[in-house]
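One structure is given below, encoded as structure tokens.
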Amino acid sequence: MTSETLLTVDDFSVVYDVDPPVEAVRHVSLALQRGEILGLAGESGCGKTTLAYGIQRLLKPPAVITSGRAVFHDESGEDIDINALDADAMRAFRWDKVSMVFQGAMNALNPVASIGRQLEDVFLTHRPSMGRAERREECAGLLDLVGVGRERMRSYPHELSGGMRQRVMIAMAMALRPQLMIMDEPTTALDVLVQREILEQISDLRSKLGFSVIFITHDLPLLLEISDRIAVMKDGVIVELASALDIYSDAQHEYTRRLLSSFPSLTGERGDFIRGSESTPTTTEAAL
């Protein structure tokens, strides 16, 4: 570990305690650097989201963390063992140190509360001493920052496009200036033009504010564009971890090469498709 390491995950395993048990994440180890965008790629059901939820202790039964730990190296110099935090400390840690944009998050906004009110709730919960005027100015500034505009403070979710709702969710995740933002398929439900705008904005915000990103998706070509490094996951195991350039030009693992070739090319021949693992029951795919 170096002074530039933000998060260390060591020998991390998660099992779904069903009959028979499903090993969703198996002995994963990785280190995330400060200011880095780390892409986490793999087919549906490979354990990407389970790993992200496990790091933040958001998993619910029957999921059980069976080994390993995640250590957050705070900018203050303190090493925080996330597994060892009690409920109150964990509640304070989330959103303040690490935030998450959940899969399908743009549809998670409260339909009967204004955008401004929902942004204010973050500060009411985590910064209760903040005055109303300061709180509202912070919210307006966040909307300006993500390109929605402060004039949308009084708007309701149904008055915004899908892309604008996703930008609001990113603003919420950034509200407390976390050091790490985990993004789980944040652009899946958006059309390609809006996807491009969101991705450019994430990269721009990362450059301005210096936070790290774990970006989860099955879309490996997308990760090649925005990531510094990419971890490729299959059947709960990280089978390859390298720079985006190395993954693109010299992928070492056969699964990575097949994943790359499964996406259509405008000029090349049609590539092979990826078969799901027969060892992972399809009934668990939604949970993973």
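List of remarks:
- Nearest 10 degrees, 0 to 90: helix 115-126 Cα axis against the chain principal axis: 80 degrees
- For segment 108-177, size of Cβ-based charge dipole, Lys and Arg +1, Asp and Glu -1, in debye: 40 debye
- The lysine pair count for the chain, using Cα distances under 27 Å and pairs eight or more places apart or on different chains, is 6.
- A dipole drawn for the chain from +1 and -1 charges on Cβ atoms has a positive end, and of 233, 183, 133 the residue lying farthest that way is 133.
- Calculated FRET efficiency for the pair residue 29/residue 158, C-beta based, R₀ 51 Å, to 0.05: 0.70
- Dipole check for the chain: with +1 at the C-beta of Lys and Arg, -1 at the C-beta of Asp and Glu, and the Cα centre as origin, the magnitude is about 880 Debye.
- Build a GNM of the chain with springs between Cα atoms under 10 Å apart, and of 252, 33, 56 the one that fluctuates most is 252.
- Among beta bridges that DSSP assigns inside the chain, antiparallel share in %, nearest 5: 55 percent
- Across segment 15-128, Cα pairs under 8 Å and at least six residues apart give a relative contact order of 19 percent.
- Over segment 86-205, Cα pairs under 8 Å with separation of 6+ residues give a relative contact order of 39 percent.
- In range of the label at residue 150: residues from segment 103-132 whose backbone nitrogen is under 14 Å from the point 7 Å along Cα→Cβ: 116
- Of the trypsin sites (Lys or Arg not before Pro) found in segment 63-159, the ones in coil according to DSSP and having at most 13 other Cβ atoms within 10 Å of their Cβ are 154.
- From the coordinates shown, P(r) over Cα pairs in 5 Å bins from 0, in percent corresponds to which of (i) 1, 4, 9, 11, 12, 12, 11, 10, 9, 8, 6, 4, 1, 0, 0; (ii) 1, 6, 13, 18, 20, 18, 14, 7, 2, 0, 0; (iii) 1, 5, 12, 15, 18, 17, 14, 10, 6, 2, 1, 0, 0: (iii)
- Think of segment 182-261 as a dipole: +1 on every Lys or Arg Cβ, -1 on every Asp or Glu Cβ, centred on the Cα centre; then among 243, 221, 202, 243 lies furthest on the positive end.
Where a number appears in this text, it was derived from the coordinates with a stated rule and is not lab data. Keep in mind that this is a model prediction, so the values were computed, not measured. Cβ atoms come from the backbone with ideal geometry, glycine included; neighbour counts cover every protein chain shown.
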